[in-house]
1. What are the semi-axes of the equivalent ellipsoid of segment 36-148, taken as the square roots of 5 times the eigenvalues of the Cα gyration tensor, listed largest first and rounded to whole Å?
2. So how far apart, in nm, are the two label points at T129 and E63 if each is 7 Å from Cα heading toward Cβ?
3. Estimate the FRET efficiency between S86 and C110 by the formula 1/(1 + (r/R0)^6), using the beta-carbon distance for r and 22 Å for R0, to the nearest 0.05.
4. Starting from the 7 Å offset along Cα-to-Cβ, what nm value, one decimal, do you get for the label separation of E56 and A145?
5. Modelling each spin label as a point 7 Å along the Cα-to-Cβ direction, I'd like the D136/V72 distance in nm, to one decimal.
Amino acid sequence: MHGGTGTNASDGGTTREPPTRVTAGATVPRVAPMRAALTMHPNRRPVVREDFDDIEDFDDATEAWDERWEAVMFAPERTVGAIVISHLGCAQREWLIISGSNRGTIWSDCRVDDVDLAPLLDDDSAPVTFARWYTDWLEKAERTALSAL
C-alpha cells in the first residue's frame, strides 16, 4: 500500500493525489532528472545509511530528503495543462496533455512509486495520442464484455 497526503474518493483509498490544475496556454514542463531538480537541497543526493553513525540522524535525514523529493515531484506547476483521465490503481494515473507542445498525448504518472512523469509510448516508441489511447481502451472494454457473455 502506498502512503500519501490526500484522499481520492474514486478509489476510497489514501493517495498522494497530484493536483489537477489546467491553465490555458500552459504545458507540462520538461521532466528534469530528480538529482538535477534537487540540487538546491542540502543533501544533494539520496541518503545513504553508511554516512551516519546514529540511526536517528539517518532517519531525520531520510525524512528531510523525502519531504524535498515530494515537494519537487508533486509541485502543482508540473501538471498545469493536463488532466487525469485514468486511475490505474495504487495512485498511478494517466494524464491527457491539453495544451502546449505535447497537446493530445498521454503521460504516465507513477510518481507514487518514485518514477517520474513520462510520455506513454507505443510499441514503436512513439507518444500515444488520446485517440489511440481511447480506441485501445474501447477495444479492451469490448473484449472484456464479450468474454463475460
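Readers should treat all values here as calculations from the given coordinates under stated rules, not as data from a laboratory. Keep in mind that this is a model prediction, so the values were computed, not measured. In this analysis, Cβ positions are derived from the backbone assuming ideal geometry, glycine residues included, and neighbour counts consider all displayed protein chains.
1. Numbers: eigenvalues 272, 61, 26 Å².
Semi-axis lengths for segment 36-148 are 37, 17, 11 Å.
2. About 5.0 nm, to one decimal.
3. Values: r = 12 Å, r/R0 = 0.57.
Computed FRET efficiency for S86 and C110 comes out at 0.95.
4. 6.1 nm
5. Calculated label separation equals 2.9 nm.
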